[in-house]
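Novice: Here it is, the structure, as structure tokens.
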Amino acid sequence: MGRNPMRAAVTLCAAAALAVPLGTASAAPSARPAAQSRQAAEPVVVDCAGQPEVRPGSYILACGDGNSRLVSLHWYRWGSEAAVGRGSNAVNDCDPYCAAGAFRSYPVTVRLDRPTAADGNAGERHFSRITLTYTDGRPDGAPRTVSYPLPG
């Protein structure tokens, strides 16, 4: 390591850190065609991290703070034009404020629809709207049925 062992150690760590992404990038193209063929057949729902999912068991609605999420999702249908399932909407009551609030769960039916081509990849489609229908109770001030645009 010569006259400056700290400099040599830092250089080796930097080289190792650069090598890791290169290994991942070279493996990615071989995995992508299988994902593309699956996604061409079934639209996906895009999560807060921008990752495509099919039939997720949970889904965060409030990406910024996680104070509203769908949990215990069970999908009855996942087709080329719509997906329908049931689960619970866990919503933070933010009482007395969000950091100290409690999550309350409300049963919902969930519908995903309006599949749209992904930007830059016409073969990939994602659902662009989600509709929740509260079946037994609902958060204060919420209508029985509410729709939101989805990321994509």
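Novice: Under 13 Å from the Cβ of Leu150, count the other residues' Cβ atoms, weight Lys and Arg +1, Asp and Glu -1, and hand me the total.
Specialist: Numbers: positive: Arg111, Arg114, Arg125, Arg129; negative: Asp47, Glu53, Asp113.
Local charge sum for Leu150: +1.
Novice: OK, next. Note down the net charge around Ile60, summing +1 for each Lys or Arg and -1 for each Asp or Glu among other residues with Cβ under 13 Å from its Cβ.
Specialist: Numbers: positive: Arg69; negative: Asp47, Glu53, Asp65.
Local net charge: -2.
Novice: ³J(HN,Hα) across segment 83-94 via Karplus (A = 6.51, B = -1.76, C = 1.60, θ = phi - 60°), whole Hz, x for Gly/Pro?
Specialist: 3J(HN,Hα) across segment 83-94, in whole Hz: 10, 9, x, 9, x, 10, 9, 8, 10, 6, 6, 6.
Novice: Filter the chymotrypsin sites (Phe, Trp or Tyr not before Pro) in segment 80-152 down to the DSSP loop ones having no more than 15 other Cβ atoms within 10 Å, then list what survives.
Specialist: Numbers: sites: Tyr97, Phe103, Phe127, Tyr134; in loops: Tyr97.
Those that pass, being in a loop and sparsely packed, are Tyr97.
Novice: Follow-up question, since we're still on this one. Find out how many positive minus negative residues lie around Asp136, taking Lys and Arg as positive, Asp and Glu as negative, among other residues whose Cβ is under 13 Å from that of Asp136. Each step should come with its number before you reach the end.
Specialist: Values: positive: Arg86, Arg104, Arg138, Arg144; negative: none.
That works out to +4.
Bear in mind that the values in this text are calculations on the coordinates, not laboratory data. Since this is a predicted model, take the numbers as computed values, not measurements. Virtual Cβ from ideal backbone geometry, glycine too; neighbours counted across all protein chains shown.
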